[in-house]
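Have a look at the structure below, then the notes.
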Amino acid sequence: MPTLDPAGAPDSRDEEKRLRELGYRPVLARRMGGFGNFAISFSVISILSGCMTLYGFGMGAGGPAVMLWGWAGVGLFVLCVGLALAEVTSAYPTSGALYYMADRLGGRRWGWYTGWLNLLGLLGAIAGIDYGAALFAGAFANLRWGFTPTPGKTMLIFCVILLLHAVLNLFGVRLVSLLNSVSVWWHLAGVALIVGALAIVPDHHRSPSFVFTTFVNDTGWDNPVYVAAIGLLLAQYTFSGYDASAHLSEETTQASVAAARGIVRSIWVSWLAGFVLLAGLTFAIQDYAATRDSATGVPPAQILLDGLGTNGASALLLVVIVAQLFCGNAEVAAASRMVFAFSRDRALPGSALWRRVSARTQTPVAAVWLSVAVACLLALPSLYSATAYGAVTAINVIGITPAYAIPVLLRLRAGDRFRRGPWHLGRWSRPVGWVAVVWVALVTVLFCLPQSRPVTVDTMNYAAVALAVVLVLATVWWFVARRSYGTPSAAAYGDEREQAELAEGIV
């Protein structure tokens, strides 16, 4: 289905020329190859983070049948979204990614709101991923040393992880690319190791009928269709963050092709490996109720403990934790590039600071620190509410998922006015694009619905609240910053004053 124009992939000089045509002066180091670009999206999707962290949620919201078949179905639709988004990315390979595409295809307001939604989703993703890693680290410490993972202790671990990721991202994109390349093989080997151990070591396994047909409803809602629908959150949350390939395009060689391929490859590889992981875990469940209510606070850890014993469970849990750390590090890289690009176009308060780039590492240092600081603030309610982590994951999904569809919708609306890049879908562009838009509209509604009953302050789904808050804040700030905000045009780039403004943030 995907097509590469006969001219082939452009070289680095062509990419720098294309970036100038789009209105930007190259200031980031173009040191990431095609595999590294794929690796960052694959690391952000991180099946060993999303699947493992939300497995307990899936056990109650539909159970095995929804987890397995939901993963298969959601993965297919997400692949359509990724294909459609990759086509637009090939035409507009910039760090601004989604909001820049929307601005070019629909105008300044489209770009503005897409940017704020994308930013909310990326920052929520950092919080969700790294807090999930902190939960797993607490479970590991509980198994090894009897550590009690209280909310305060988990928050402290979370802050240490954020600090680690900020420091790693300050060394430059080459280190980020290297870590992401290692992450790919770590994830794939980790899935093989976990599934292989759970298939061989335990004496008892669940039957295929249990794994693929058992429906479990602990949500309090009576309608099984409704429960199955909200159970799709496990898969949809995991299948997010693949726009990282687009956000790193200004640091990728042959980005017009490599970034598009990175998006698509990260989705289908995660789709296959994630299904194997979920099936392996579910076949190995010993006691369903005890696993859900595990003292570790992490149901997959209980599956490993029951099937492999303390030592085996600890070793594999460590594999998962390292994978989650890779994931969080990649997400900080993607979010910081979004902060940098949005500030470069003067859309954030304090843009002059956040768009600064280190002359030594060619990394947006201030944007990295802002990303981890906001992620820390988003996770603070977890100190007081057990449901706050679910709210953070909902913020991620509700912010980033609509942002994926907006450039695709605007590309469809543009018709023949859209100037496609070297990587495109050919005659499949419109049907795939409409499937993507309809799917995103559906899941956006689904993930604003309450997930458990009765609906109380503790059980409420705060995704809709988060969406409303960010839209209100974006609207208010629009009236403050609309005169200064704007993506540059090719004509504007030739102006010396514009070039000076773009170079202002380089230190």
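The values are calculated or read from the model by the stated rules, or taken from the named source; none is laboratory data. Quick caveat: nothing in here was measured; it's all calculated off a predicted structure. With ideal geometry, Cβ positions are generated from the backbone for all residues, glycine too; neighbour counts draw on all protein chains shown.
Can we say residue 310 is surrounded by fewer than 19 Cβ atoms within 10 Å (Cβ to Cβ) and under 30 Å from residue 368 (Cα atoms)? No, not satisfied. Is it the case, given these coordinates, that residue 100 is out of contact with any helix residue (DSSP H, G or I) (no Cβ under 6 Å at 6 or more places or on another chain), buried (at least 24 other Cβ atoms within 10 Å of the Cβ) and either more than 30 Å from residue 320 (Cα to Cα) or touching a residue at least 60 places away in the same chain (Cβ under 8 Å) (or both)? Considered against the rule, which asks whether it is out of contact with any helix residue (DSSP H, G or I) (no Cβ under 6 Å at 6 or more places or on another chain), buried (at least 24 other Cβ atoms within 10 Å of the Cβ) and either more than 30 Å from residue 320 (Cα to Cα) or touching a residue at least 60 places away in the same chain (Cβ under 8 Å) (or both), residue 100 comes out as yes.
The C-beta contact set for the stretch 231-257 (first residue at positive phi and in contact (Cβ under 8 Å) with a residue 24 or more places away in the chain, second residue outside any helix (DSSP H, G or I) and crowded, with 24+ Cβ neighbours inside 10 Å, distance under 9 angstrom, 6+ apart or interchain) comprises 241/46.
For first residues located in the stretch 46-70 and among the aromatic types (Phe, Trp, Tyr), partners that are assigned to a helix (DSSP H, G or I) and lie 6+ apart or on another chain with Cβ distances below 7 Å form the pairs 55/281; 55/299; 55/300; 57/233; 57/234. From the list 455, 408, the one residue that fits, being aliphatic (A, V, I, L, M), out of contact with any Ser or Thr (no Cβ under 6 Å at 6 or more places or on another chain) and either surrounded by fewer than 16 Cβ atoms within 10 Å (Cβ to Cβ) or more than 25 Å from residue 112 (Cβ to Cβ) (or both), is 455. Pull up the stretch 1-27, narrow it to residues that are at pLDDT 80 or above and not in a helix (DSSP H, G or I), then point me to the one that is nearest to residue 363 (Cα to Cα). Across the stretch 1-27, the extreme among qualifying residues is 27. When 95, 90, 177, 183 are screened for being in contact (Cβ under 8 Å) with a residue 24 or more places away in the chain, among the small types (Gly, Ala, Ser) and surrounded by fewer than 24 Cβ atoms within 10 Å (Cβ to Cβ), only 177 passes.
If you take the residues in the stretch 61-79 that are of a type in the set (A, V, I, L, M) and either in contact with a Ser or Thr (Cβ under 8 Å, 6 or more places away or on another chain) or more than 19 Å from residue 270 (Cβ to Cβ) (or both), which one is surrounded by the most Cβ atoms within 10 Å (Cβ to Cβ)? Looking at residues that are of a type in the set (A, V, I, L, M) and either in contact with a Ser or Thr (Cβ under 8 Å, 6 or more places away or on another chain) or more than 19 Å from residue 270 (Cβ to Cβ) (or both), I get 67.
Please work out which residue is farthest from the chain's Cα centre (by Cα), limiting yourself to the stretch 426-436 and to residues that are surrounded by 20 or more Cβ atoms within 10 Å (Cβ to Cβ) and under 25 Å from residue 395 (Cα atoms). Filtering first and then ranking leaves 433. Looking across the stretch 49-67, just one residue is within 24 Å of residue 318 (Cα to Cα) and not in a helix (DSSP H, G or I), and that is 54. Can you find a residue that is buried (at least 20 other Cβ atoms within 10 Å of the Cβ), modelled with pLDDT of 90 or more and over 26 Å from residue 346 (Cα atoms) anywhere in the stretch 120-130? Yes - at least one qualifying residue is present in the stretch 120-130.
In the stretch 268-293, of all residues being outside any helix (DSSP H, G or I) and without any contact (Cβ under 8 Å) to a residue 60 or more places away in the chain, the one that is nearest to the chain's Cα centre (by Cα) corresponds to 293. Regarding residue 35, is this residue in a helix (DSSP H, G or I) and either small (Gly, Ala, Ser) or closer than 22 Å to residue 333 by Cα (or both)? Here the answer is yes, as residue 35 does meet what is asked.
Against the conditions (1) closer than 23 Å to residue 28 by Cβ; (2) assigned to a loop (DSSP other than H, G, I, E, B); (3) of a type in the set (Asp, Glu), where does residue 222 fall short? Just the number, please. Among (1) closer than 23 Å to residue 28 by Cβ; (2) assigned to a loop (DSSP other than H, G, I, E, B); (3) of a type in the set (Asp, Glu), the lone unmet condition for residue 222 is (1).
On the given criteria, is residue 469 farther than 27 Å from residue 34 by Cβ, under 21 Å from the mean Cα position of the chain (by Cα) and surrounded by fewer than 14 Cβ atoms within 10 Å (Cβ to Cβ)? Yes: the conditions hold for residue 469.
For residues in the stretch 249-258 being within 12 Å of residue 19 (Cβ to Cβ) and not charged (D, E, K, R), which is nearest to the chain's Cα centre (by Cα)? Taking the candidates together, the pick is 249.
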